[in-house]
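What follows draws every value from the coordinates through simple rules; no lab data is involved. Keep in mind that what you see is a predicted model, and the values were worked out from it rather than measured. No Cβ is skipped: glycine too gets one built from the backbone with ideal geometry, and neighbour counts run over all protein chains shown.
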Amino acid sequence: MNAMPSPSSLVLALLEAMEEPGLIIEGQRTTAANAAARQLLGDQIVGNDVRLAIRHPVALEAILARRSATIGVTGIGGVDREWELSVRSLDRQLLLVRLTDKSALRAAEKMRVDFVANASHELRTPLATIVGYAETLAEDGDLDPEMRRRFGNAIHGEARRMLRIVEDLMSLSRIEADRFTHPSERVSLQEIVRIACENGRHLAETRGCIIRLDVQDNLPEVAGDFAQLLQLTDNLVANAVRYGCGPKASEVVLSTRADGSMALLSVRDFGEGIPATHIPRLTERFYRVDAARSRDSGGTGLGLAIVKHIVERHRGRLEIRSRPGEGTEVRVWLPFA
Ligand SMILES: Nc1ncnc2c1ncn2[C@@H]1O[C@H](COP(=O)(O)OP(=O)(O)OP(=O)(O)O)[C@@H](O)[C@H]1O
Ligand SMILES: [Mg+2]
């Protein structure tokens with residue numbers, strides 16, 4: 001092995017302190033790589049020809065020509081991963097190559113684009129129905145009163161649906177806007193679950209179902225936003241009743257207790273449950289397992305997205321557990337005040 005003129009210990013320390021993958025190149029050789037780079041590209045890159053680490057032709061060309069450059073590169077560490085590769089010279093001999101992961105940024109961008117498309121679609125569907133019925137009402141003077149009433153009702157129903165979507169979207173953006181202000185009220189979860197139980201009673205009765213409370217006495221208060229925690233619990237209870245109550249499941253259990261340093265709120269039903277493949281996506285905006293069924297029962301697909309954002313604002317944790325045929329339990333942990 002020929003001796004490697006090593007970068008100074010300060011350069012190496014800086015390289016190691018970087019979170020993103022970084023390489024020091026001298027001539028055609030990779031003389032050092034930090035932990036992130038070794039993990040991404042393999043330990044064998046250190047001390048070897050730079051072509052072993054970087055295969056992208058444009059990036060290689062810049063490195064070998066010792067030219068500063070910033071290049072978009074895909075496929076390192078996974079086919080879909082996107083990186084920004086930057087080449088900078090540190091002195092007359094050493095080059096620093098840095099890789100910045102752009103995948104998260106791209107994913108966020110995609111989510112935003114998808115969200116606008118989904119929201120437009122969700123609003124367009126009821127709007128198209130309204131336009132159709134309103135046109136008939138305006139143009140057909142001979143329509144009999146019964147038909148007029150039916151069309152009027154349909155328009156009313158669809159308009160209310162649009163209103164619900166818009167209200168949920170506004171609620172979601174308010175919660176997101178408050179994301180960095182930690183809620184400061186002291187909230188009693190016992191009180192929250194009692195009110196949520198009252199709020200859900202009517203819906204439960206129409207499904208032949210009861211909501212059972214299981215509340216630990218003397219549970220300390222949590223640091224929270226009362227209105228948001230009630231909204232969260234109302235949403236979970238409504239889901240449990242709507243999707244979890246049926247002929248074979250006539251109970252929803254709403255419970256709260258201490259779990260270590262956190263308060264645990266749980267909403268459990270004994271309905272059909274949710275197939276595992278859907279669970280990770282339930283908190284996405286407008287995601288529904290069975291869109292037709294959810295729409296029939298008035299759902300907009302925003303409820304669990306709202307729940308997730310409220311939990312995040314409270315620095316809490318959310319877990320959805322479900323077994324098809326056995327039911328669903330949603331658990332929320334919240335820090336005590
Ligand atoms: N307890 C549950 N049991 C079975 N499926 C559920 C349960 N809770 C939620 N889901 C499924 O998850 C989907 C998303 O729920 P979410 O609360 O986000 O929206 P929604 O209930 O359809 O509409 P919204 O809550 O906005 O009125 C539901 O459409 C339903 O398919
Ligand atoms: Mg819901």
Give me the one-decimal nm value for the distance between modelled label points at Arg88 and Ser9, 7 Å along each residue's Cα-to-Cβ direction.
2.4 nm
Taking the Cβ of each residue in Val73, Val131, Val252, Val330 as the centre, tally the other Cβ atoms inside 10 Å and list the residues starting with the fewest.
Val131, Val73, Val330, Val252
Under a Cβ-Cβ cut-off of 15 Å, what is the net charge of the residues other than Pro220 that fall near it, where Lys and Arg count +1 and Asp and Glu count -1?
-3
Over the stretch 182-337, volume per residue of the alpha carbon convex hull, in Å³
101 Å³
Specify whether the C-alpha gyration tensor of the chain places it in the rounded, prolate or oblate class, a ≥ b ≥ c being the square roots of the eigenvalues: rounded for a/c under 1.5, otherwise prolate if a/b is larger than b/c and oblate if not.
prolate
What relative contact order, as a whole-number percentage, does the chain give when Cα pairs under 8 Å and 6 or more residues apart are counted?
12 percent
Would you mind giving the average projected area, over all directions, of the Cα convex hull of the stretch 246-325 in nm² with one decimal?
6.2 nm²
May I ask for the Kirkwood hydrodynamic radius of the stretch 102-177, worked out over all distinct Cα pairs and given in angstroms to one decimal?
14.8 Å
Using only Cα atoms, what is the ratio of the radius of gyration of the stretch 38-77 to 2.2 N^0.38 Å?
1.18
Length-normalised contact order for the stretch 102-177 - Cα pairs under 8 Å, 6+ apart - percent:
34 percent
Taking 0.36 nm per intervening residue step and subtracting the Cα-Cα distance, what contour gain separates Asp43 from Ala177 on full extension?
43.9 nm
Give, as a single signed number, the net charge of other residues whose beta carbon lies under 15 Å from the beta carbon of Leu143, with Lys and Arg counted +1 and Asp and Glu -1.
-3
If you plug each phi of the stretch 59-73 into the Karplus form 6.51 cos²θ - 1.76 cosθ + 1.60 with θ = phi - 60°, what whole-Hz ³J(HN,Hα) values come out, in order, with x for Gly and Pro?
5, 4, 4, 5, 5, 5, 8, 6, 10, 4, 7, 10, 10, x, 10
Percent relative contact order of the stretch 9-101, based on C-alpha pairs within less than 8 angstrom and at least six residues apart?
26 percent
By the C-alpha gyration tensor axes a ≥ b ≥ c (rounded if a/c is under 1.5, else prolate when a/b exceeds b/c, else oblate), the shape of the stretch 9-101 is rounded
Percent of Cα pairs exceeding the 28 Å cut-off, where the set is the stretch 50-207:
61 percent
If you take every residue apart from Leu64 with its C-beta less than 14 Å away from the C-beta of Leu64, what net charge results, scoring Lys and Arg +1 and Asp and Glu -1?
+2
Starting with the highest mean, order 171-183, 27-39 by the number of other Cβ atoms within 10 Å, averaged over the residues of each peptide.
27-39, 171-183
How large is the Kirkwood hydrodynamic radius of the stretch 147-240, in angstrom, based on all distinct alpha carbon pairs?
15.9 Å
